[in-house]
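Please treat every number below as a calculation from the coordinates, not as lab data. The model shown is predicted, which means the values in this text are computed figures rather than measured ones. Neighbour counts are summed over all protein chains in view; Cβ atoms, including those assigned to glycine, are modelled from backbone coordinates with ideal geometry.
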2 protein chains.
Amino acid sequence: MDPPNSVLSRALTLLTAFRPGDTELTLAELTRRTGIPKPTAHRLLAELAGWNIVERTPNGIRLGMALFELGQLAPLQRGLREAAAPFLADLFEATHETVHLAVPDGIDVVYIHKIAGRRGPPVRSRVGGRMPAYCTGVGKALLAFAPPERLAEVVAAGLTRRTPRTVVAPGLLDADLARIRERGVAEEHEESTVGIACVAAPVLDADGRAVAAISITGWANRLDTARLAPAVRTAALGLSRVLRAHPAS
Amino acid sequence: MDPPNSVLSRALTLLTAFRPGDTELTLAELTRRTGIPKPTAHRLLAELAGWNIVERTPNGIRLGMALFELGQLAPLQRGLREAAAPFLADLFEATHETVHLAVPDGIDVVYIHKIAGRRGPPVRSRVGGRMPAYCTGVGKALLAFAPPERLAEVVAAGLTRRTPRTVVAPGLLDADLARIRERGVAEEHEESTVGIACVAAPVLDADGRAVAAISITGWANRLDTARLAPAVRTAALGLSRVLRAHPAS
DNA sequence: GCCGGCGTTCCGCTCAGCGAAATGACGAGC
DNA sequence: GCTCGTCATTTCGCTGAGCGGAACGCCGGC
């Protein structure tokens, strides 16, 4: 995280030093994590604070509002999310379960929208957060309709066992994906987290590639995946159609 | 947008040159907007692209996924949004109208969550977007429970007429805010956009300051604000209580 | 009182960053 | 066909923005 010592990469190293759990970090902690000398970090942060990219608090530094606002302008996420919002809302209303929208990125999926009610289990997913593709409903839905290189990358990166039910054999994953291609729906039963299951469907662009996926998540022992599959698939097809009409940005 | 010619401020100038409508910009367009010489912009963007802060597309540059992910780590927004999600979901389920969560920033409000169904009017608000405080439901709810300096700033910045019903007289705004303080609920009837109304309630921290506001938005001629007011207020009170228990970050 | 860690400031060296100018690639107009 | 205009990209020698070791003042714990 240090080779290129340009101003920019240092500033970005500072920003990415913030991890999901951190609310605020001290200057000293930041210099420790990044290896950037204290005066340098201090100067860079002062400039970032001037833009509200970070904010100075009585006892530390935290990521600022301007960063949040900028991030929301990312066009892919924005266009998709706005188009998807009504479909996700419908799905939530119909099922009262936690609903997700995710996009692929490398071997992971990144969540870009989530509607979580009070009824469902505490899901660890987070808007802007990542999960491996091979062991999540949205991930498998995306993999099944992605160019084959993507799957190769995922397998090459290794399938690590996260729960007793995680699929770690590439052959089994292949079979699962083939089945998903047939049905148009992916299921996941405690493959990423014990006690949680989900049903997901891919959102396809005009060329048949998966650009996103929608899922419903709930308690593994209560979620009736067979009953919910058509709902998720319908929502995904509806969103696909809207995106085809107003080409996604 | 040019005075300090540091690397950092130039990079940020480039990023902030993207406006909500832009999906992607060409290098030439960026140099035009920012006044940054082409080779310089080219170099900076190349480095930003290496971090996925921006992405290179066949014919331009767009804001990238890493920026989105980083923005989601901003702790204030994150903590609030996660705590608020179930309350907003409840509200949406109960009313089927568009639901917002917003925080104050200077004389504006910034939306940090939105659940929009299919029934409501097309609302121009956007997660990460801004609206003036004085003419929106959430804005008035926040102003009513903000330190008085905030109101002074807002008035000093000027109340511009956005629709025939916008309140532009500081005296009337004062009266409105006093009434909001009494009721604990703010209403807005076509003050920011013709045809749209909303009901909002503030989320207060332990010290009685408004840290956020929740609103329900719908068609001005159909939204029964009297009926919805208790619902919004209840949700806001519930969220306030949760935040007091798990102090907001 | 002493010590360790914190944030902040100073200041002279130096190399990262700069940008005018040149290059190549593409498409529209004639 | 050639000629522009506009685009992105590369080069390269100059220089001042950025650097960071060192020193500072402050605080809380032992």
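Does at least one position in segment A:131-141 carry a residue that is within 13 Å of chain B (Cβ to nearest Cβ) and either within 30 Å of residue B:56 (Cα to Cα) or free of Cβ contacts under 8 Å to residues at least 60 places away in the same chain (or both)?
yes
Quick one: residue B:7 ticks every box in (1) over 23 Å from the mean Cα position of the chain (by Cα); (2) facing chain A (nearest Cβ under 7 Å); (3) more than 12 Å from DNA strand D (Cβ to nearest atom) bar one, so which box is it?
All conditions pass for residue B:7, except number (3).
Is one or more of the residues making up segment B:33-53 away from DNA strand C (no atom under 16 Å from the Cβ), among the β-branched types (Val, Ile, Thr) and either assigned to a loop (DSSP other than H, G, I, E, B) or more than 20 Å from residue A:16 (Cβ to Cβ) (or both)?
no
From the list A:88, A:159, which residue is within 14 Å of chain B (Cβ to nearest Cβ) and either of a type in the set (S, T, N, Q) or touching a Leu at 6+ places or on another chain (Cβ under 9 Å) (or both)?
The match here is A:88.
For residues that are within 9 Å of chain B (Cβ to nearest Cβ) and part of a helix (DSSP H, G or I), scanning just segment A:91-104, find the one that is surrounded by the most Cβ atoms within 10 Å (Cβ to Cβ).
For segment A:91-104, the residue satisfying everything is A:92.
Since residue B:20 meets every condition but one in (1) part of a helix (DSSP H, G or I); (2) under 21 Å from the mean Cα position of the chain (by Cα); (3) more than 16 Å from DNA strand C (Cβ to nearest atom), which condition does it not meet?
For residue B:20, the exception is condition (1).
Looking at residue A:38 and the list (1) surrounded by fewer than 20 Cβ atoms within 10 Å (Cβ to Cβ); (2) under 29 Å from the mean Cα position of the chain (by Cα); (3) within 10 Å of DNA strand D (Cβ to nearest atom), which single condition is not satisfied?
(2)
Pairs only if they're at least six apart or on different chains, beta carbon under 6 angstrom, first in segment A:27-53 and on the phi > 0 side of the Ramachandran plot, second away from DNA strand D (no atom under 11 Å from the Cβ) and of a type outside the set (S, T, N, Q); list them, first residue then second.
Correct list of pairs: A:52/A:64; A:52/A:65; A:52/A:66.
Can you give me the number of residues within segment A:210-222 that are out of contact with any Pro (no Cβ under 7 Å at 6 or more places or on another chain) and either buried (at least 22 other Cβ atoms within 10 Å of the Cβ) or in a strand (DSSP E or B) (or both)?
6
Identify, from the list A:119, A:62, A:56, the residue that is closer than 30 Å to residue B:91 by Cβ, over 17 Å from the mean Cα position of the chain (by Cα), more than 7 Å from chain B (Cβ to nearest Cβ) and not in a helix (DSSP H, G or I).
Answer to the selection: A:119.
Just name the residue that is nearest to the other protein chains (Cβ to nearest Cβ) out of those in segment B:65-77 that are farther than 13 Å from residue A:103 by Cα and in contact with a Lys or Arg (Cβ under 9 Å, 6 or more places away or on another chain).
That would be B:72.
Identify all residues within segment A:169-189 that are assigned to a loop (DSSP other than H, G, I, E, B) and surrounded by fewer than 15 Cβ atoms within 10 Å (Cβ to Cβ); write none if there are none.
Answer for segment A:169-189, where residues must be assigned to a loop (DSSP other than H, G, I, E, B) and surrounded by fewer than 15 Cβ atoms within 10 Å (Cβ to Cβ): just A:169.
Just to check your reading of the model, which residue among B:30, B:80 is more than 10 Å from chain A (Cβ to nearest Cβ) and within 12 Å of DNA strand D (Cβ to nearest atom)?
Exactly one residue qualifies, and that residue is B:30.
Run residue B:121 past the list (1) crowded, with 17+ Cβ neighbours inside 10 Å; (2) farther than 26 Å from residue A:84 by Cα and report the number of the one that doesn't hold.
Unmet for residue B:121, out of (1) crowded, with 17+ Cβ neighbours inside 10 Å; (2) farther than 26 Å from residue A:84 by Cα: (2).
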